[in-house]
Amino acid sequence: MTVNKDRCYIKPVALPCRQLWLTAMLFPLMMLHSSCRKEPDQPRPQENDTTVYSAGIYVLNEGLFNQNNAGLTFYNFSDSTAETDYFFNKNGRGLGDTGSDACIYGSKLYMVVNISSQLEVADAVSGVSLGRIPLFDGSKPRQPRKIAPYGKYVFVCNFDNTVAVIDTARLEVVRLIEAGRNPDGITAAYGKIWVSNSGGLAFPDYDNTVSVIDPETFSEVSRFTVGINPYTIRPDGHGHLYLISRGNYGDVKSHLQVMDTLGNLVKTFGGFEALGFTVAGDTAYVYNYDWNSGKSTVLVVNTLSMQLVDEQFIKDGTDILVAYGIACDPVTGMIYIADALNFTGTGRVYAFDKTGKLQFSFNTGINPSYFAFLHRTGIPGN
Amino acid sequence: MRRNVTVTVLLLAVLIIRATAQEPVSDTLLLKGVEIASEKISRKELSSFPMQSLSGNQIAAVAGNSVADALRTFSGVTLRDYGGAGGLKTVMVRSLGAQHTGVFIDGAPVSDIASGQPDLGKFPLGNLEEVSLNVGGGGSEPMPARARAGASIINLRSIRPDFGKYKTRGNIGIKGGSFGLFNPFFRLDHKTGQDSWIGIDVNPLFSKGDYSYLVDNGPAGSETLKRGNGDLTSLSANLRFFARPGDSTELRVFAGFYNAERGLPGAVVFYNPHASQRLTNKDLSLGFQLMSEKKRVSLLTNAGWSYAWLRYLDPDYLGYTYSLDNRYLQQEFYLSQAGTIALGRHFSASLASDFILNTFSGSQYKTDPWRGSFLLSAILAHQTRNTGAEAGILASVIKDSGKNSSEEDLTHKVSPYFSVSVRIADVPSLRLRMMYKHSFRMPAFNELYYALVGNPRLFPESAQQLNTGILGSYAPFKGVLLRLSADAFFNRVHNKIVAIPTQNLFVWSMQNIGEVSTGGLDFQLDATAAMNRRSRISVNLAYTFQKASDISDKNSSVYGNQIPYIPYETFSAMFQFGYRAFSLDYNVLFNGYRYVSAENIPQNLLPSWWISDAGVAWNPEAGRYKYRIKAGVTNLFDKDYVVIRSFPMPGRGIVVSGAFTF
């Protein structure tokens, strides 16, 4: 796969024609993993070979609450090895408590650390920290949860009902935007920032809205109603947004829903429960872990027809114990599924091709959950 | 209905025995302090189950303010301690969960139906004459059925005033030290008649808890910070009335009050030291005890009520626009009748029945539950000079209101107990002992009903304990006494209640899925020597090794691993040296490495620690007056250590106290 070498500063809303096809295909994935966008102020050095390849996979491990063991695992394609505690080894200190999201945007790797209330920023290639941005309201932690890059900024939604806007060059918070209660999902799509307001800390009085933020005016422009306790939200590239509404962990189950950009709830998928998903092209890969049966499932949904097309993505019998995260590498098309195993120790990541056959797997830290793909240009290994 | 009738008949039978047994008590009840102490020793030596105690001088030598600090010197005990005077403290005995250990003060139970074990930091040490721990909790003397129900029992005995020829005795003092500790105390006992007295003690405690700790975050991230929000203000006050209405009968009435307001210092979170949660306790308890003893029949009646109010405040909770403010109220009513009857020269039979009613209400509960328990214990004991044996059963019928169906809400269990001891030599005195006990613990109300976590379908967690050991004592010279015990133990826990995550890591649920098998060894060596009339020396050593394996699931990767927070090895040593009115104490505690979760990997390892406390005291007597001035250093070598992961313990601190007894 090749891309133009000077594709750098493009906002998703104003694309040159020749890149449209690529962007249309990759856009949702970029938003999801933010893995192949350059940051505006740091032009990439000229290189002769313009082949984009996957050099490695970062896996952010949540760790365990109050144990300061959020961790970063780096899988290196050049020697097919995984290094757990990658961040610690590079920086001589830990990430902190409870990793809750990660993305690569431009040359930087962003890691949201929920309980430590920090946004850790590292060089995407070397893993060396470039800065740590505390997210506090006075002395009170804001508890950042999820991140979405857009333009010159990354947008981080916080459990204290705010979205922090962080300048990617200055690495500081420049704005705070009010959202709904306990936002727990964010994505940039269709020129807007979409924030799912979970109200998850107010059990049993959950929130059930999605806030729409205009990234030009830094303000909430509308708020739409979805299912209760909404979580992950991602665009499908066809003018819709897919989201998980987690329900109340009781009689209201966790479902996959589809809304349009006007806020109409287009579809709620019945017949299966869903904890997370990723969108790649016209396909959404949806996983669930059923506590009662102890079984993990990965389903395939066609985003054009909005239909469940395959109840069993994994074709070779690979057994995922506790599906805990999913992502698709836009460059290789591989689907990665994180397995938390017993929640308290080493986790595992499985890599599948599009046909659902296992290609490789590697060990991670505790509770692997979020992925960022390190893409480089040139000849692999240089 | 039929069951209810049976239960009533059984209780009536016991009450009738009580009513017909008002006869003169033998002189054994009139033992003075000294004699009680020597009786204790012999009980320890004869005991067919493991028994440890600290009394008098030894309690005074313990560094710390609460019962928890004394208990951690015992073998087989793992203390959970979140650090500082305000940190919550509970103990696990021989790797069984804290809920398996019962707590009694002067024979009256202290419970916490919400969490399963009361915070042992609540009980000030200064008021106590003896702290003891019985594994198995047998014994032929009358005691409430509940004291036979736990896998092990902590007994706290408060100081009984020695009036001598005076009408009023008292004690006043003050203690102060590092981390903002300020603790005045006061006690007054007054004779109200020939055979009755009334006493009051008041013990306020203030602690800032602002000790330094190390944030251990690699070569680039480590730093030393001050613990925040670790302050405690508490007041413990007790009122006691004692009377001997007849030669054979003793009556005690007790009222206790405990009030505390504290910060919860929170786990050490990298880059985020903020903590603001508060905990407030208001406890009140009333107790009534009637004891009588004659040649053949001894009886003990206990009745009481306790009220415990708890408020948990999190002003920074992000779930609402206002604070998280949860309030809980629990009450307990109990009535217990126990009796022992001698059957010939060598046999005795003990019978006890308890009624207990627990009620609970709390804003985070799905329901306002209550629990009614009826316990009936019967023990047959045989004792000769060379042998001792006890066999007993405990029958329990427990009704929980908050359960889903009538099948689940009634628990009935029969738990057997058996012990034997044989003397095999006289000089040195050697005894072999063996004990088997089955016990269970009910799910605590938090486990059943607490918000998302609670699971009302839980059933009891059962424990079987097997102990076999040898006890010896030897006096090589006059004034020197050596006592040694070595025990091997084996425990098996079925249906262990463990929390596991459900929908995600923040939604946990309690499940009966654990199985634990424990094997261990316990050693204790006590040596006392009175070198001459002026100087004396005593050494107490305790060592435990235990392998507590998670055997829940053969296919699990954690099968056979050591269960969380149980160290393989613990060791404690107390050295005391006295010369005239001076005494010098030096205590050492060792906790071996352990893991914070069932996966025994380096990331889950907590390193072992050694800490030492030292103190020097001057204790002169002048007629009826006694003075005591003590200076001590806690954590003498300023070790950084944790008991619970992410909760650092205090470094070196100084404590100075002065007391005057009149």
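Given the whole protein assembly as supplied and a 1.4 Å probe, what does the accessible area of A:K315 come to in Å², nearest 10?
Rounded to the nearest 10, that gives 110 Å².
Given segment A:230-382, report the % of alpha carbon pairs whose separation exceeds 24 Å.
In whole percent, the share of Cα-Cα pairs in segment A:230-382 beyond 24 Å is 33.
Keeping all protein chains in the complex and leaving out DNA, RNA and ligands, what accessible area do you get for B:H494 with a 1.4 Å probe, in Å² to the nearest 10?
B:H494 has an accessible surface of roughly 60 Å² with all protein chains in place.
Rounded to whole Å, give me the distance from the Cα center of segment A:240-290 to that of segment B:302-350.
Here the answer is 46 Å between Cα centres.
Would you work out the relative contact order for chain A, in percent, from Cα pairs under 8 angstrom that are 6 or more residues apart?
16
Per residue and in cubic angstrom, what volume does the convex hull of the Cα atoms of segment B:227-343 have?
With only Cα atoms used, segment B:227-343 gives 154 Å³ per residue.
Apply the Karplus parameterisation 6.51 cos²θ - 1.76 cosθ + 1.60, with θ equal to phi minus 60°, to every residue of segment B:230-244 and state each ³J(HN,Hα) to the nearest whole Hz, in sequence, with x for glycine and proline.
Per residue, the Karplus-derived 3J(HN,Hα) values read x, 7, 9, 10, 9, 9, 10, 9, 9, 10, 10, 10, 10, 8, 10 Hz.
What's the magnitude of the charge dipole for segment A:225-382 around its Cα centre, counting Lys and Arg as +1 and Asp and Glu as -1 at the beta-carbon? Answer in Debye, nearest 20.
Here the size comes out at about 220 debye.
So who's got an amide H within less than 5 Å of the one on B:R227, skipping anything under 5 residues away but keeping other chains? H placed 1.01 Å off N, in plane.
B:Y211, B:S212, B:Y213
Arrange the residues A:S222, B:S509 by how much accessible surface each exposes, largest first, with a 1.4 angstrom probe.
Order by accessible area, largest first: A:S222, B:S509.
On average, how many beta carbons from a partner chain sit within 10 Å of the beta carbon of a residue in B:260-273?
Mean partner shielding for this stretch: 5.
When the Kirkwood hydrodynamic radius is evaluated over all pairs of different C-alpha atoms of the protein assembly as shown, what value in angstrom, to one decimal, is obtained?
31.7
For segment A:330-381 and segment B:201-216, what is the separation of their Cα centres, given in Å?
Going from one Cα centre to the other spans 47 Å.
In the full protein assembly as shown, how much of B:E141 is accessible to a 1.4 Å probe, in Å² to the nearest 10?
Approximately 80 Å² of B:E141 is accessible to the 1.4 Å probe.
How far apart, in nm, are two points set 7 Å out from the Cα along the Cα-to-Cβ line at A:E216 and at A:K357?
It works out to 4.9 nm between the two label points.
Work out the mean other chain Cβ neighbour count within 10 Å for the residues of A:360-370 and drop it here as an integer.
Taking the mean over all residues of the peptide, I get 1.
If I build a Gaussian network model for chain A, linking alpha-carbon pairs within less than 10 angstrom, which residue out of A:T332, A:T98, A:T232 has the largest mean-square fluctuation?
Top of the fluctuation ranking is A:T332.
Quick one: ranking B:L481, A:L304 by accessible area, 1.4 Å probe, largest first, what do you get? Working shown, then result.
On the way: B:L481 55, A:L304 110 Å².
Correct descending sequence by accessible area is A:L304, B:L481.
If you stretched the chain out fully between B:F575 and B:A486, how much longer would it get, using 0.36 nm times the residue separation minus the C-alpha to C-alpha distance?
Working: separation 89, 0.36 × 89 = 32.04 nm, distance 2.01 nm.
30.0 nm is the gain from fully extending B:F575 to B:A486.
Taking the Cα centre as origin and putting +1 on Lys and Arg beta-carbons and -1 on Asp and Glu beta-carbons, what dipole magnitude results for segment A:255-333, to the nearest 20 debye?
Dipole about the Cα centre, nearest 20: 120 debye.
Of B:I563, B:G454, B:G246, whose Cα points farthest to the positive end of the dipole of chain B (charges on the beta-carbon: +1 Lys, Arg; -1 Asp, Glu; origin at the Cα centre)?
Of the candidates, B:G246 comes out farthest on the positive side.
Can you tell me the accessible area per residue over the protein assembly as shown, all protein chains present, probe 1.4 angstrom, in square angstrom?
That works out to 40 Å² per residue.
Take A:L262 and A:S139, extend 7 Å from each Cα along the Cα→Cβ direction, and tell me the distance between the two endpoints in nm.
For A:L262 paired with A:S139, the spin-label model returns 5.1 nm.
Nearest 500 deg cm²/dmol is fine: what mean residue ellipticity at 222 nm does chain A get from its DSSP H runs of n ≥ 4 alone, each adding -39,500 (n - 2.57), divided by its residue count?
Value at 222 nm, helices only: -1500 deg cm²/dmol.
Quick check: from the Cα gyration tensor, does chain A come out rounded (a/c under 1.5), prolate or oblate?
It comes out rounded by the Cα gyration axes.
Lys/Arg Cβ at +1, Asp/Glu Cβ at -1, dipole of chain B taken about the Cα centre: which of B:N591, B:F355, B:A61 is farthest positive-ward?
B:A61
If you find the alpha carbon centre of segment B:602-650 and of segment B:91-146, how far apart are they in angstrom?
Their Cα centres are 23 Å away from one another.
For B:W305 and A:E311, what is the calculated FRET efficiency with R₀ set at 56 Å and r taken between the beta-carbons, to the nearest 0.05? Kindly include the intermediate steps, with their values, before the conclusion.
Numbers: r = 60 Å, r/R0 = 1.06.
Calculated value: 0.40.
Suppose we flag GluC sites (Glu not before Pro) only when DSSP calls them loop and at most 13 other Cβ atoms lie within 10 Å. Which is the longest uninterrupted stretch of chain A? Walk me through the numbers before you get to the answer.
Numbers: sites that count: A:E47, A:E216, A:E311.
Result for the longest clean stretch: A:48-215.
What net charge is computed for the residues neighbouring B:Q576, neighbours being all others with C-beta under 10 Å from the C-beta of B:Q576, Lys and Arg scored +1, Asp and Glu -1?
Numbers: positive: B:R536; negative: B:D585.
Residues close to B:Q576 contribute a combined charge of 0.
Picking from B:S115, A:T318, A:F272, whose Cα lies most toward the positive end of the charge dipole for the protein assembly as shown (charges on Cβ: Lys, Arg +1; Asp, Glu -1)?
Selected residue: B:S115.
Could you list which residues have their amide H under 5 Å from that of B:F647, counting only those 5 or more apart in sequence or on another chain, with H placed in the peptide plane?
When sequence neighbours closer than 5 places are left aside, the close amide H contacts are B:V268.
Residues of segment B:570-588 with amide nitrogen under 20 Å from the 7 Å Cα-to-Cβ point of B:Y627?
Residues passing the 20 Å test: B:578-585.
In segment B:443-458, what residues drop by 30 Å² or more in accessible surface going from the chain by itself to the full protein assembly, probe 1.4 Å?
B:L452
Enumerate the calculated ³J(HN,Hα) couplings along segment A:171-176 in order (Karplus 6.51 cos²θ - 1.76 cosθ + 1.60, θ = phi - 60°), each rounded to whole Hz, writing x wherever the residue is Gly or Pro.
6, 8, 6, 9, 8, 10
Mean residue ellipticity at 222 nm from the helices of chain B, using -39,500 (n - 2.57) per DSSP H segment of n ≥ 4 over the full residue count, to the nearest 500 deg cm²/dmol? Let's see the in-between values first.
Working: 6 runs with 51 residues, N = 662.
-2000 deg cm²/dmol, from helical runs alone.
R0 = 22 Å: FRET efficiency of A:R170 with A:D123, Cβ-based, nearest 0.05?
That gives a FRET efficiency of 0.85.
From the Cα gyration tensor of segment B:184-228, with a ≥ b ≥ c the square roots of its eigenvalues, which class applies: rounded if a/c is under 1.5, or else prolate if a/b is larger than b/c, or else oblate?
prolate
Over chain B, what is the relative contact order in percent, taking alpha-carbon pairs closer than 8 angstrom and at least six residues apart?
The value is 11 percent.
Hey, any idea what % of the protein assembly as shown's accessible area is carbon plus sulfur with a 1.4 Å probe?
After summing per-atom areas, the C and S share lands at 58 percent.
Anyone know which of A:T81, A:T217, A:T318 comes out most mobile in the 10 Å Cα GNM of chain A?
A:T217
Could you go through segment A:249-265 in sequence order and give the Karplus-derived ³J(HN,Hα) for each residue, using 6.51 cos²θ - 1.76 cosθ + 1.60 with θ = phi - 60°, rounded to whole Hz, and x for Gly and Pro?
6, x, 6, 8, 7, 8, 10, 8, 10, 10, 10, 9, 6, 8, x, 7, 7
Debye sum, Cα scatterers, chain B, no solvent: what log₁₀ I/I(0) at q = 0.06, 0.10, 0.12 1/Å?
The Debye formula, applied to the Cα set alone, gives -0.33, -0.99, -1.55.
Under 8 Å for C-alpha pairs, at least 6 residues apart: give me the relative contact order for segment B:285-371, rounded to a whole percent.
Answer for segment B:285-371 is 24 percent.
Sorted by mean Cβ packing within 10 Å, highest first, what order do the peptides B:460-472, B:67-79, B:237-249 take?
Sorting B:460-472, B:67-79, B:237-249 by mean packing, highest first, produces B:67-79, B:460-472, B:237-249.
What order do B:L606, B:L235 take when sorted by accessible area (1.4 Å probe), most exposed first? Let's see the in-between values first.
Values: B:L606 10, B:L235 60 Å².
Descending order: B:L235, B:L606.
The values are calculated or read from the model by the stated rules, or taken from the named source; none is laboratory data. As the structure is a prediction and not an experimental result, all values here were calculated from the model. Don't worry about glycine lacking a Cβ; one is built from the backbone with ideal geometry, like all the others, and counts go over all protein chains shown. Note: areas computed on protein heavy atoms with side chains; ligands, DNA, RNA excluded. Shrake-Rupley method; radii C 1.70, N 1.55, O 1.52, S 1.80 Å.
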